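Shown below is the structure under consideration.
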Amino acid sequence: MIDLHTVPTPNGHKISIALEELGLEYNVIPYDISKGDQFKPELLALNPNNKLPVIVDHDPISGGPEPMVVFETGAILLYLAEKTGKLISKDASIRFQQIQWLMFQVASVGPLQGQAHHFIRYARVQQDYARERYVNESLRQCRVLETQLQDQDYLAGDYSIADIACWPWLRALPLIDIHLDKDFPNLYAWFQRIDARPAVQRGKDLIHGWVYQLPPNFKMELDEKTWSYSFGEEQYRKR
């Protein structure tokens, strides 16, 4: 059994989708970061960086008696692929292509698009330069993926953890007014191909992500406590 400590975000959905695709038994432990759940001592004991998702595998790949804790979504996806022997190629050349596209997502797509979301939807002081920079970076990444998918159905070889890592973040692009169906035909076809998978539907609907229903460029107004938990004093307080 795997405990999945999670939230309804693109990063959270990466892992729930992978677990559904792999058919692994898991138990969901939801968190509400708007209420400061990410600072609970029980989570900090699992991830000192107070970020979600985190998994606790009670039947660890090591075979040892102690549960294995894994945080950071790239590490979690690699762990699950290694545990099951699925969603990653056994051919070394393809395997490392899949890993490099996984790294592209965790190092570039997520962090840079995340900044676009922040400056569009949350920043209290609007900064045109910051908005334009991170939206343009997100568009550039789409062009990179569009080129990669020019002659193939998936990012590298067969459907893999690389595709699973990217898909939830591309699902969030309309929130920053980027629409795959308008400018990225290869990427849009890839998105639709993955969206049609039953396990993807189950994984993304595991915890309802209401934010995906917001219109493009919607400005969120956070109360003082929620702001503090996310971007203010509570987020940066020494623990």
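Taken together, the values in this text are just the output of simple stated rules run on the coordinates, not laboratory data. Treat the numbers as computed from the prediction; the structure is a model and nothing was measured. Counting neighbours? That spans all protein chains shown, and the Cβs are built from the backbone with ideal geometry, glycine included.
Per 0.36 nm of contour for each residue apart, how much would the distance between Q192 and E25 grow if the chain were fully extended, relative to their Cα-Cα spacing?
Separation in residues times 0.36 nm, less the Cα-Cα distance, equals 57.5 nm.
Any chance you could run the full-extension gain for R237 through E72? It's 0.36 nm times the residue separation minus the Cα-Cα distance, nm to one decimal.
So the extension gain works out to 57.3 nm.
Taking every pair of alpha-carbon atoms in region 138-219, what share in percent sits in each 10 Å bin, from 0 to the bin with the longest distance?
17, 51, 30, 3
If you compute Kirkwood radius over Cα pairs in Å for the structure shown, which of (i) 22.9; (ii) 18.7; (iii) 21.4 do you land on?
Structure-derived value, by its label: (ii).
Show that you can apply the helix-only estimate: for the chain, add -39,500 (n - 2.57) for every DSSP H stretch of four or more residues, divide by all residues, and state [θ] at 222 nm to the nearest 500.
Rounded to the nearest 500, it is -14000 deg cm²/dmol.
Another one. Calculated FRET efficiency, N136 and D59, Cβ-Cβ r, R0 35 Å, to nearest 0.05?
0.20
Work out the charge dipole of region 92-197 with +1 on the Cβ of Lys and Arg and -1 on the Cβ of Asp and Glu about the Cα centre, then indicate which of W167, I178, S108 is farthest towards its positive end.
Working it through, the farthest residue towards the positive pole turns out to be S108.
State the percent of C-alpha pairs, over all pairs in region 92-197, separated by a distance greater than 17 angstrom.
51 percent
Restricting to the chain, what percent of DSSP beta bridges are antiparallel, rounded to 5?
60 percent
Search the structure for amide H atoms under 5 Å from the amide H of V28, placed 1.01 Å from N in the peptide plane, and list their residues when 5 or more places away or on another chain.
L4
In nm, to one decimal, how far is the modelled label at T84 from the one at N217, with both set 7 Å along Cα→Cβ?
For T84 paired with N217, the spin-label model returns 4.0 nm.
Full-extension gain between D151 and R124, please, as 0.36 nm times their residue separation minus the C-alpha to C-alpha distance.
Full extension from D151 to R124 adds 5.4 nm.
When N is the residue count of region 103-161, what does its C-alpha Rg come to as a fraction of 2.2 N^0.38 Å?
1.35
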